[in-house]
Structures are given as structure tokens and as C-alpha cells.
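J.: Have a look at this one.
The values are calculated or read from the model by the stated rules, or taken from the named source; none is laboratory data. What you see is a predicted model; the values in this text were computed from it and never measured. Counting neighbours? That spans all protein chains shown, and the Cβs are built from the backbone with ideal geometry, glycine included. Areas reflect the complete protein model, heavy atoms only, side chains present, ligands, DNA and RNA absent. Shrake-Rupley method; radii C 1.70, N 1.55, O 1.52, S 1.80 Å.
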Amino acid sequence: PVCSMGNSTSRLYSALAKTLSSSAVPQHQDCLEQPDPAQLDPIDPKELLEECQIVLQKRPPRFQRNFVNLKKNAASNHRPIRVMQWNILAQALGEGKDNFVQCPMEALKWEERKCLILEEILAYKPDILCLQEVDHYFDTFEPLLSRLGYQCTFFPKPWSPCLDVEQNNGPDGCALFFIKDRFELINSANIRLTAMKLKTNQVAIAQTLKCNETGRLFCIAVTHLKARTGWERFRSAQGCDLLQNLKSITQGAKIPLIICGDFNAEPTEEVYREFSNSSLNLNSAYKLLSPDGQSEPPYTTWKIRPSGECRHTLDYIWYSQHALNVNSALGLLTEEQIGPNRLPSFNYPSDHLSLVCDFSFNQDPDRLL
């Protein structure tokens, strides 16, 4: 059975219903088995956006954010690659463990919150989408995004905290989506991060893609490091492990690299310095929004918990600065837009802001190595 989406009997609901009860799955089979997305009709993104807006009509309109043009040199001869990084907030954690004391429970209802998440993705139309805290992959994101033309990969945490919450929807994890028409998948690795030689509960996905337009290879990775104060050394060890894996996958930076993640670490932490000083020659794209190009944004997450207000910079898009240019980056929400009750809210579905960048390939990357 498919849950009703409130009063709206929309085509979005029909799309979900069709995906989950597709005739491709005989009635006697286990209901958890998913039909092959290739058997399902494509969805028009404009129609899906309209249907999301119908579901959200009683909510305030979504915030307007503008792209900041960062490219100083001549125009590239290929379409930029738009990459979106976002910790979307696991539904089980939002409702069960995260204690957003100023956020009404009504604002966290999944039937509406998923439409806010989809609206944000559809508004920016990323070519590559990197998400953390995904606990509705199989019933929402994979069925819908595959029908929007994305190839989808999910890697759950081995011991997800979502599983401790009553009526959870399974484990949360990292998910990576790319537009199949633009890229060809060359290689894919699911990485369980280690720290002090022990396997941890944190994961990453790294995929080597070929850009069909340019023929150029690049690697895209998504991760979510260990949370909480007091775990700085642990995050540092996880970061070292991820960098080692990525050095191997990119043949020591021969293949350009983009890493998206919620690192749960401020720029003052050791793990941030490891990425800044890595032999992979990485830079953090959102530093380019600062006047001197050297400072991270003042926040990427802002929430109020019982212990007080939490305003931190934890989310990053790292890239190979010798091989890639950042053409533009999406500006963050202002304090005034976020409002006194902070995030999440009726306007915004997560406690983390989405980061979006447009990348182009350098014409002569070897010269800059």
C-alpha cells in the first residue's frame, strides 16, 4: 500500500504510486522488491515541480538565492557541470532524535517535506547530486530521480541511528545521482571509512565518470563524516582514509576530482587542513565567495537544539584546482531569510543549506600540476 499524500491526489502521488506498485512486480512477490526503473515512464521535471507546489501551497514560498559568477577567464567551450551537495536531514532523525526545539513537528511531515526537498533539487537542476542522511532512497529518491534521467547509487551506514527510531524507514546513508545523458559511469566504489585501522559507521561513494561532451574523465565523491564535538581526531583519521582511497582512484590526481560532503568539521579542524594540504591539490569552492577567496562561509547549518543555537560551517565542495574552474556558486541564505527559529522550517526542509557549483574543465590542466 502507498501512503496518501494528504488532500492532494496529484500526478506526483500517481508517479510514486505507480513506481511502488508497478505491474512489473507480480503481486505475490516481496513488496520490497523494486521494479526496474527502465520500465517506468520518464517524468517531466516541470510537471513534477508543479505537483510539488500543489502539495506545498499552504506553505510560504521557497527562498530566492542567486548564483555568484566567479569565472574570471574566457568562456569555456563546453557546458558547465552543475554539482549539488546537500545533507537533506534524515526523516527519522528530524522527527525522532535531532530535537529542533523551535521547529514545529508539522513542518517536518514527510509528505510535504519531501516535496520541499524535490522542489530545491528541481529548481537548480544539478547534473550531479550528492546527498547525505538519505533514509527514503528506495521509496522516493531512486524511483523519482531515475525517471528524471539520473543514474542512482546509495550506500547506507552499517549502523544507522535511524534504526533506533520507532517507525523508521530503514538506514540513512549517502546517495549519488548523475544525469545519464551527460556522463558515462567508468568505475564505482562504495567505501566504508576506517579510523585507526578500524572500520567505522561512516561511508563514501566515489565514481569515475566520463563527460560525453568533452571525453574528459573525472571522479565525483560524496561522504558524511562522524558528528559531534570530541571526535575531531576520529574525523581526521576518516579524512586521511578517504584521501588515500581517492589518491588511488584518481591515480594521484591524474583524474580531476570533486568531493562533496558534510564533514561535521569547522575549517579550524585538522581534517579540513588535511584536505587543504593534500597532494591532490584541492581547494574548497565556497571559499571563492569570500572577498579574498580565502575564507569559508560563516555557516552552512543553523539550528536551535535544547543546548542552544548551533551555527557552523560543516559542508564543503572540494575540487582539483589544477584541472577544474568554478564558474559560479549559489549564494547562501541570509540570516533574515532563515528567520529567528532557524532551520528546518516551513520554508526550508533541512538544517543544512544546499551548496551548488558550476564547474568547467581547464583547457590545459597539465601545465598547472
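J.: What ranking of Glu309, Glu142, Glu47, Glu336 comes out by heavy-atom accessible area, probe 1.4 Å, highest first?
T.: Per-residue accessible area, sorted high to low, gives Glu336, Glu309, Glu47, Glu142.
J.: Enumerate the amide H contacts of Ile88 below 5 Å, restricted to partners 5 or more residues apart or on another chain; note that Pro and chain-start residues carry no placed amide H.
T.: Here the answer is Gln132, since their amide H atoms fall under 5 Å of that of Ile88.
J.: Then there is this: Could you rank Arg235, Arg79 by how accessible they are, 1.4 Å probe, largest area first?
T.: Correct descending sequence by accessible area is Arg79, Arg235.
J.: While we're here: Starting from the amide H of Val203, placed 1.01 Å from N in the peptide plane, find each other amide H under 5 Å away whose residue is 5 or more places distant or on another chain.
T.: Leu193, His224
J.: Next question. Please give the helix 45-55 orientation as an angle from the longest Cα principal axis of the chain, in degrees from 0 to 90, rounded to the nearest 10.
T.: The angle comes out at about 50 degrees.
J.: Find the all-direction average of the projected area of the Cα convex hull for the chain, expressing the result in square nanometres with one decimal place.
T.: Dividing the Cα hull surface by four gives the mean projection, 18.5 nm².
J.: Here's something else I'd like to know. Over the chain, what is the relative contact order in whole percent, taking alpha-carbon pairs under 8 Å and six or more residues apart?
T.: 20 percent.
J.: Once the principal axes of the Cα atoms of the stretch 305-344 are found, what is the range along each, listed largest first in whole angstroms?
T.: Answer, in whole Å and largest first: 44, 21, 12 Å.
J.: Which ³J(HN,Hα) values, rounded to whole Hz and listed in residue order, are derived for the stretch 252-268 from phi using the Karplus coefficients 6.51, -1.76 and 1.60 in 6.51 cos²θ - 1.76 cosθ + 1.60 with θ = phi - 60°, glycine and proline given as x?
T.: x, 6, 5, 9, x, 9, 10, 10, 10, x, 8, 8, 6, 9, 5, x, 7
J.: While we're looking at this one, here's another question. For the stretch 202-285, what is the relative contact order in percent, using Cα pairs closer than 8 Å and at least 6 residues apart in sequence?
T.: With pairs under 8 Å counted, the relative contact order is 30 percent.
J.: Now a separate question. Under a point-charge model restricted to the Cβ atoms of Lys and Arg (+1) and Asp and Glu (-1), what is the dipole moment magnitude of the chain relative to its Cα centre, in debye to the nearest 20?
T.: For the chain, the charge dipole is close to 760 debye.
J.: Pick out, from Ser284, Thr301, Pro349, the residue whose Cα sits farthest towards the positive end of the charge dipole of the chain, with +1 on the Cβ of Lys and Arg and -1 on the Cβ of Asp and Glu.
T.: Of Ser284, Thr301, Pro349, it is Ser284.
J.: If you don't mind, there's one more thing I want to ask. Output ³J(HN,Hα) for the stretch 129-136: one whole-Hz value per residue in order, computed from phi by the Karplus curve 6.51 cos²θ - 1.76 cosθ + 1.60 with θ = phi - 60°, and x for Gly and Pro.
T.: Those phi angles translate into 10, 10, 10, 10, 6, 8, 10, 10 Hz.
J.: What ³J(HN,Hα) values, in whole Hz, does the Karplus curve 6.51 cos²θ - 1.76 cosθ + 1.60 give for the stretch 88-102 when θ = phi - 60°, with x put for Gly and Pro?
T.: Running phi through 6.51 cos²θ - 1.76 cosθ + 1.60 with θ = phi - 60° gives 7, 6, 4, 4, 4, 6, x, 7, x, 10, 7, 6, 7, 5, 9 Hz.
J.: Could you give the angle, 0 to 90 degrees to the nearest 10, between helix 11-20's Cα long axis and the longest principal axis of the Cα atoms of the chain?
T.: 90
J.: Amide H neighbours of Arg82 under 5 Å, counting only residues 5+ apart in sequence or on other chains, H built in-plane at 1.01 Å?
T.: Close amide H contacts, sequence-distant or interchain: Asp127, Ile128, Phe359.
J.: While we're on this one: If I compute solvent accessible area with a 1.4 Å probe over the protein chains, what percent of it on the chain is carbon and sulfur? Please list the in-between numbers first.
T.: On the way: 8170 of 16580 Å².
It is 49 percent, rounded to a whole number.
J.: With every protein chain left in place, what is the accessible area of Ser279 in Å² (1.4 Å probe, nearest 10)?
T.: 90
J.: So how far, in whole Å, is the C-alpha centre of the stretch 179-230 from the one of the stretch 39-80?
T.: The stretch 179-230 and the stretch 39-80 have Cα centres spaced 24 Å from each other.
J.: Hey, what number do you get for the chain at 222 nm if only DSSP H runs of n ≥ 4 count, each worth -39500 (n - 2.57), divided across all residues, to the nearest 500?
T.: Value at 222 nm, helices only: -6000 deg cm²/dmol.
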